[in-house]
Amino acid sequence: MDNVSWFKFDANIWLSSMSKVQLCSHQEKGVFIDLCALSLLQNGFFENDEFLAERLKLDKAELSRCLDRLCRLKLLVSSGS
């Protein structure tokens, strides 16, 4: 199977008041959309580590806060590892 490097983005859904992503801060939205792109390139997985924090231009604590928020909203699912 070919590696998928794109996904459908619907601006109406993204901006909808019913979208859980609208409960996020702009920083959390930025982390979310970057992780969507990154997960396409890494078969749906990424690690919350120093490299990811550096790549997203956040300190580790702020990245962890964003990831926790996205998980609470069920926009991300943690593998538990």
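Ordering VAL21, VAL4, VAL77 by accessible surface, largest first, gives VAL77, VAL4, VAL21; the 1.4 Å probe counts only protein heavy atoms, with every chain in place. Only one of [x] 21, 18, 9; [y] 20, 18, 12; [z] 36, 19, 8 was calculated from the structure for semi-axes √(5λ) of the Cα gyration tensor in Å, and its label is [y]. Taken per residue, the accessible surface of the chain reaches 75 Å², heavy atoms only and a 1.4 Å probe. Of the GluC sites (Glu not before Pro) found in the chain, those in coil by DSSP whose Cβ has at most 11 other Cβ atoms within 10 Å are GLU47. Applying the criteria of a DSSP loop state and at most 15 other Cβ atoms within 10 Å to the chymotrypsin sites (Phe, Trp or Tyr not before Pro) of segment 1-73 yields TRP6, PHE7, PHE9, PHE45.
For the chain, the relative contact order comes to 30 percent (Cα pairs under 8 Å, sequence separation of at least 6). In the chain, which trypsin sites (Lys or Arg not before Pro) are in a loop and have at most 15 other Cβ atoms within 10 Å, using DSSP for the loop call? Those that pass, being in a loop and sparsely packed, are LYS8, LYS57, LYS74.
Counting protein heavy atoms only, the chain has 56 percent of its accessible area on carbon and sulfur, 1.4 angstrom probe.
The values are calculated or read from the model by the stated rules, or taken from the named source; none is laboratory data. Since this is a predicted model, take the numbers as computed values, not measurements. Cβ coordinates were reconstructed from backbone atoms using ideal geometry, including for glycine residues, and neighbour counts include every protein chain displayed. Surface areas here come from the heavy atoms of the whole protein model, side chains and all, with no ligands, DNA or RNA. Shrake-Rupley method; radii C 1.70, N 1.55, O 1.52, S 1.80 Å.
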